[in-house]
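The values are calculated or read from the model by the stated rules, or taken from the named source; none is laboratory data. What you see is a predicted model; the values in this text were computed from it and never measured. Glycine also receives a Cβ, built like all others from the backbone with ideal geometry; neighbour counts cover every protein chain displayed. Surface accessibility is based on the protein's heavy atoms, side chains included, excluding ligands, DNA and RNA. Shrake-Rupley method; radii C 1.70, N 1.55, O 1.52, S 1.80 Å.
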Amino acid sequence: MAQILPSIFGADILRLRDEITFLEQEQTQILHVDLMDGTYVSNIAFGPNQIAAMKKASTMVFDVHMMLANPERHIDDVIKTGAEMISVHYESTPHVHYILQKIKKAGRKAGVVLNPGTPESVIEYLLDDIDYVLIMTINPGQPGQTFIEKSLEKIRNTKKMVAGRDIQIEVDGGVNIEIAKKVKEAGADLIVVGGALFNSTPKESYQALKAVVQ
Ligand code: DX5
Ligand code: ZN
């Protein structure tokens with residue numbers, strides 16, 4: 001059984017508290033929170049202060065997806081938000097191993113994120129240091145993009161690489177109901193959804209998404 005992780009980046013920022021309440025009423029266990037710096041990706045979203053404020057107002061587990069240049073400069077602030085899961089882009093730093101160790105030492109779950117052009121083989125020497133691999137199924141930064149079909153092969157290959165270990169596979173970007181089913185079949189455990197959940201019928205969409213990944 002896979003889980004749907006709503007991406008708060010897709011929610012209505014003017015109704016943030018109501019959106020959090022809605023997700024909690026729908027028994028959401030993990031909330032995906034994007035952190036973008038305008039440099040590593042062109043967009044800018046939720047800094048550590050905003051994430052800490054949301055965390056205080058919620059009982060959900062927070063999964064912070066860091067899309068930052070020089071993540072080593074920001075990791076302490078991200079840890080201070082209280083997020084239980086923190087992921088770092090493999091491509092964003094020469095010190096990915098160091099950052100993963102910092103996350104683990106703080107008692108949080110550590111994830112490594114792979115852009116669409118990055119092969120899964122780069123995680124070979126990180127397998128002892130991660131709790132999850134986040135496979136980007138779009139190029140990070142902008143919502144509303146189309147799912148990259150080639151990602152299905154990467155999910156399957158990653159599943160083989162992590163076999164026998166307690167490592168989860170997360171996917172993020174361009175997921176709708178039909179694609180949620182496909183990524184689940186390919187081996188995804190955690191499926192991030194933004195636009196296809198926060199639409200004009202969020203309750204129905206969320207329930208339909210959950211039903212296809214059971
Ligand atoms: C994009 C973010 C995603 C985004 C996904 O860079 O990492 O988490 O919210 O949005 P959708 O599901 O609409 O592609
Ligand atoms: Zn994300």
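Looking at LEU134, LEU152, LEU126, which is the one that is within 16 Å of ligand 2 (Cβ to nearest atom) and over 18 Å from THR28 (Cα atoms)?
LEU134
Which of the residues that make up region 55-72 are over 12 Å from ASP37 (Cα atoms) and either among the charged types (D, E, K, R) or surrounded by 15 or more Cβ atoms within 10 Å (Cβ to Cβ) (or both)?
Listed by number, the residues that qualify are LYS55, LYS56, SER58, MET60, VAL61, PHE62, ASP63, VAL64, GLU72.
Scan TYR132, TYR90, TYR98 and give me the residue that is over 18 Å from the mean Cα position of the chain (by Cα) and among the hydroxyl-bearing types (Ser, Thr, Tyr).
It is TYR98.
Going by the structure shown, is VAL212 without any contact (Cβ under 8 Å) to a residue 60 or more places away in the chain, touching a strand residue (DSSP E or B) at 6+ places or on another chain (Cβ under 8 Å) and aliphatic (A, V, I, L, M)?
It is false that VAL212 is without any contact (Cβ under 8 Å) to a residue 60 or more places away in the chain, touching a strand residue (DSSP E or B) at 6+ places or on another chain (Cβ under 8 Å) and aliphatic (A, V, I, L, M).
Can you pull out every residue in region 123-133 that is of a type outside the set (Val, Ile, Thr) and either assigned to a loop (DSSP other than H, G, I, E, B) or surrounded by fewer than 17 Cβ atoms within 10 Å (Cβ to Cβ) (or both)?
GLU124, TYR125, LEU126, LEU127, ASP128, ASP129, ASP131
Residue-by-condition table, conditions (1) within 16 Å of ASN176 (Cα to Cα); (2) touching a Lys or Arg at 6+ places or on another chain (Cβ under 8 Å); (3) among the charged types (D, E, K, R):
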{"residue": "PRO116", "(1), (2), (3)": "no, yes, no"}
{"residue": "VAL122", "(1), (2), (3)": "no, no, no"}
{"residue": "LEU126", "(1), (2), (3)": "no, no, no"}
{"residue": "ASP129", "(1), (2), (3)": "no, yes, yes"}
{"residue": "TYR132", "(1), (2), (3)": "no, yes, no"}
{"residue": "THR137", "(1), (2), (3)": "yes, no, no"}
{"residue": "GLY141", "(1), (2), (3)": "no, no, no"}
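Restricting attention to region 159-195, report how many residues are closer than 17 Å to LEU5 by Cβ, open to solvent by 20 Å² or more (accessible area, probe 1.4 Å) and more than 10 Å from ligand 1 (Cβ to nearest atom).
6
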